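So the structure is just underneath, and the comments pick up after that.
The values are calculated or read from the model by the stated rules, or taken from the named source; none is laboratory data. Just so we're clear, the structure is a prediction, and the values are computed from it rather than from any experiment. Every residue, glycine among them, receives a Cβ derived from its backbone with ideal geometry; neighbour counts consider all protein chains shown. What goes into the accessible areas is simple: the full protein's heavy atoms, side chains included, and nothing from ligands, DNA or RNA. Shrake-Rupley method; radii C 1.70, N 1.55, O 1.52, S 1.80 Å.
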Amino acid sequence: MASATHDTHLLTAQIRADQLATVRRSVKISIPINIVLSLIIMTVTVYYGHAQSGVLWFATALLINMVRVALCQAPFPGTAAKGAFAGMAKLSVDRHLFIASLAALTSGSVWALMPALCEGYTSAQSGFYLVVICGITAGAVVHGNAYAIIPICFIVPPLMSMAGCLFYAGGFDRIGLACATLLYLGALIRSALESEVMFRYGSQRKNEATTLAGSLKQAHARTTEVAEEMRHRAVHDALTGLLNRSGFAAEVERRVLDNAQPLCLMILDLDGFKSVNDVFGHRAGDDVLVEVARRLKTIARDGFTIARLGGDEFAVLFDADAAPADEIAGRIITAIGQPFDGFDAGRVGVSIGIHHPRDRVSFSEMMVCADTALYAAKNGGRNRFHHFDATLSDRLDMKRDIERDLPRALTEHQLHMWYQPIFSNGGRTFSHFEALLRWEHDKHGWVSPVDIVENAAVLGLSEPLLKYILAEACAMTARLKASGLDKSWIAVNISPREMSRLPVETMVFEALKQAGVSPSMIEIEITEETAMDMRAVEGKLAVLAEGGIRLAIDDFGVGYSSLSSLRHLRVDRLKIDKSFVIGLTDSTSAQVMVQAIVNLGHSLGMEVVAEGVENAETQALLQRFGCRNMQGYHLGRPMSKDAAIEWATKKPTDILPAGQVA
């Protein structure tokens with residue numbers, strides 16, 4: 001309601017302003033005509049012997065006309081003005097119209113003195129004066145259509161004066177003429193009022209159209225502004241103000257097409273950022289991201305494009321020939337390594353993957369290559385950078401080939417399980433086998449189990465792959481049992497991803513049921529990383545242990561297992577990671593670590609297996625440490641299932657001298 005009232009007042013003010021502007025234009029047009037007619041009347045008056053009265057009347061009329069012209073030159077209301085008429089700008093439009101009406105009334109009053117020049121319209125020249133009065137009043141109405149009061153103020157005095165004089169003079173013709181004059185006056189007044197109504201209507205429509213056009217223009221401008229803001233938000237990160245992944249992709253593609261120079265892409269991943277969020281909260285993490293963006297901007301030169309790809313990952317793009325990549329990477333590592341407000345020095349670092357192709361490649365290809373280099377940099381430790389080199393290129397090609405060929409290899413049974421013996425009694429007596437996944441690729445040869453498992457996860461093949469492994473392992477236990485080796489068993493590795501995301505316990509017991517073998521003939525090996533995720537795996541491992549499945553922690557010593565987790569998970573066996581065992585005879589620190597793990601396992605009632613036994617000296621040293629279970633190439637290499645069965649049935653369980661195998 002208030003808005004509608006405001007709009008009505010605004011429209012009324014606009015119409016009034018149009019009326020004043022039109023009145024001024026019409027006065028400027030009619031005043032010269034008024035002056036010419038006044039001059040003619042003065043001439044006629046002087047000619048017929050009334051010089052003094054004629055000149056005096058003309059002077060008065062001229063003075064009033066000059067005042068009316070001056071009023072038309074006055075500043076328009078609300079405008080800035082200086083000089084004698086500056087005060088007029090402060091008056092309202094209605095006050096200006098009122099003054100113009102008074103001036104018109106004054107001018108009309110001068111014309112009302114016309115009877116004094118022609119003896120009350122009784123002289124021989126009366127017809128001339130009557131014609132002039134009728135003409136000038138009609139002209140006043142024609143030119144004064146914008147605001148009726150002004151022409152009415154001008155025409156009423158002379159016409160009423162004329163009618164009065166004619167009535168006073170008497171006579172049938174003069175009285176009739178007087179009546180006609182009054183009728184003429186009424187017609188002029190009505191015409192003036194109707195003309196003003198039409199003018200106001202036209203002005204209203206014009207101003208409404210102007211307002212609508214202005215509103216449409218504003219709406220278009222606002223729409224354009226909103227669209228631009230949405231476009232900006234769509235391609236920029238709200239937190240840091242940098243380009244986001246989408247905006248960065250578009251910029252990279254544009255520069256690839258427009259730039260003949262080779263480009264260099266860096267992908268940055270913050271080291272230690274997760275601990276900032278965990279310890280100090282996400283607000284502190286956001287502050288770090290904003291500060292990282294600021295520091296990157298200070299390093300950037302002309303032609304550099306910086307983006308936040310998401311999380312704690314950033315990207316920098318620049319012409320490869322503009323600056324040495326190693327220099328830029330070093331400056332970035334130094335800048336990010338500076339202390340952040342509220343954190344101790346060195347808490348946050350950065351790893352960088354660098355890719356600078358010499359040929360034009362797509363954004364996605366550049367990202368894959370730079371990300372591969374980043375992964376290699378992070379594997380090397382904190383605050384490092386790594387180039388996408390030929391080695392990484394070969395590795396990436398291999399990864400792509402594996403992803404392409406793994407589904408077919410799984411369905412066509414190109415994957416195989418090999419078995420490496422594990423020995424007890426100080427490495428003298430065969431105990432059981434560890435199942436190892438093998439795949440000989442047509443192009444890349446033997447593919448590591450880690451690569452197979454990781455690519456299966458990417459392709460969504462983790463569950464069918466694990467089912468195949470369990471089925472093969474259980475089938476092998478059945479063959480061992482049939483060969484009289486029912487006291488041996490098969491150890492199967494299960495990755496952290498498989499353990500947390502798949503119904504491992506159900507899959508294990510189902511595989512055992514189908515093979516018709518005892519749960520005691522299967523051992524599940526998990527990593528320390530898996531053991532630490534108690535919430536995800538504790539229930540599954542408890543079901544396996546209660547069902548008679550053996551449990552072992554593989555690669556022990558390189559993770560973060562706690563004594564509490566070891567006790568809760570009911571682990572049967574610890575396998576010392578081979579990184580401690582290989583070269584054991586030459587490393588005092590490794591010997592201390594191995595001895596500590598052996599003592600820890602025995603104190604917890606667990607068997608300890610040493611992996612990576614490569615020579616007799618290592619075997620003998622482990623025997624002195626009290627490590628009774630061993631595995632390694634010195635004792636026995638992985639074999640196919642047929643070779644493993646043949647080997648196991650040759651009575652390798654006989655006790656052998658230290659360092660000697662069958």
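The mean sequence distance of close C-alpha pairs (under 8 Å, at least 6 residues apart), as a share of the length of the range 1-156, puts its relative contact order at 26 percent. Surface listing: Arg624, Arg174 arranged by accessible area from highest to lowest gives Arg624, Arg174, probe 1.4 Å.
Electrostatic bookkeeping for Lys378 treats Lys and Arg as +1 and Asp and Glu as -1; over the other residues with beta carbon under 14 Å from its beta carbon, the sum is -2. Within the accessible area of the range 146-265, what % is carbon and sulfur when the probe is 1.4 Å and the other protein chains stay in place? Whole-percent figure for carbon plus sulfur exposure: 66. When Thr585, Thr305 are compared by accessible area of protein heavy atoms, the largest-first order is Thr585, Thr305, using a 1.4 Å probe.
Taking N as the residue count of the range 11-168, its C-alpha radius of gyration divided by 2.2 N^0.38 Å amounts to 1.13. With a Förster radius of 41 Å applied to the C-beta separation of Met198 and Leu239, the computed FRET efficiency comes to 0.10.
Loop-resident trypsin sites (Lys or Arg not before Pro) (DSSP state other than H, G, I, E or B) in the range 350-390 with no more than 11 further Cβ atoms inside 10 Å of their Cβ: Arg358.
Phi-derived couplings, Karplus 6.51 cos²θ - 1.76 cosθ + 1.60 at θ = phi - 60°, listed residue by residue for the range 498-504: 5, 5, 7, 9, 10, x, 4 Hz, with x used for Gly and Pro. The length gained by stretching the chain between Ala116 and Thr649 to full extension, at 0.36 nm per residue less their Cα-Cα distance, is 176.6 nm. The distance linking the range 321-387 with the range 48-103 is 81 Å (Cα centroid to Cα centroid, whole angstrom). Listed by chain and number, the lysines whose alpha-carbon sits under 29 Å from that of Lys274, ignoring those within fewer than 8 places in the same chain, are Lys297, Lys378, Lys399, Lys540.
The chymotrypsin sites (Phe, Trp or Tyr not before Pro) of the range 18-74 that DSSP puts in a loop, and whose beta carbon has at most 15 other beta carbons within 10 Å, are Tyr48.
The C-alpha atoms of the range 159-296 occupy a region whose extents along the principal axes are 117, 45, 18 Å, arranged from largest to smallest.
With a simple spin-label model that places each label point 7 Å from the Cα along the Cα-to-Cβ direction, the separation between Arg25 and Arg570 comes to 10.1 nm.
Only one of [x] 1.18; [y] 1.04; [z] 1.48 was calculated from the structure for Rg/Rh (Cα atoms, Kirkwood Rh), and its label is [z]. For the chain, the relative contact order is 8 percent, taking Cα pairs closer than 8 Å that sit 6 or more residues apart in sequence and dividing their mean separation by the residue count.
Each peptide in 291-301, 498-508 gets a packing score, the mean of other Cβ atoms within 10 Å over its residues, and the list from highest to lowest is 498-508, 291-301. The calculated 222 nm mean residue ellipticity attributable to helices in the chain amounts to -20000 deg cm²/dmol, summing -39500 (n - 2.57) over DSSP H runs of n ≥ 4 and dividing by all residues.
Under 16 Å from a label point set 7 Å out along the Cα-to-Cβ vector of Ser362, the amide N atoms of the range 248-278 belong to 249-257. Among the trypsin sites (Lys or Arg not before Pro) in the range 30-118, those located in a DSSP loop and surrounded by at most 14 other Cβ atoms within 10 Å of their own Cβ are Lys82. Taken about its Cα centre, the chain carries a charge dipole of roughly 2780 debye when the Cβ of each Lys and Arg holds +1 and the Cβ of each Asp and Glu holds -1.
Placing Cys134, Cys627 in order of accessible area, with the largest value first and a 1.4 Å probe, yields Cys134, Cys627. Note on Cys179 and Arg205: with the Förster distance fixed at 41 Å, the Cβ-Cβ geometry gives a FRET efficiency of about 0.55.
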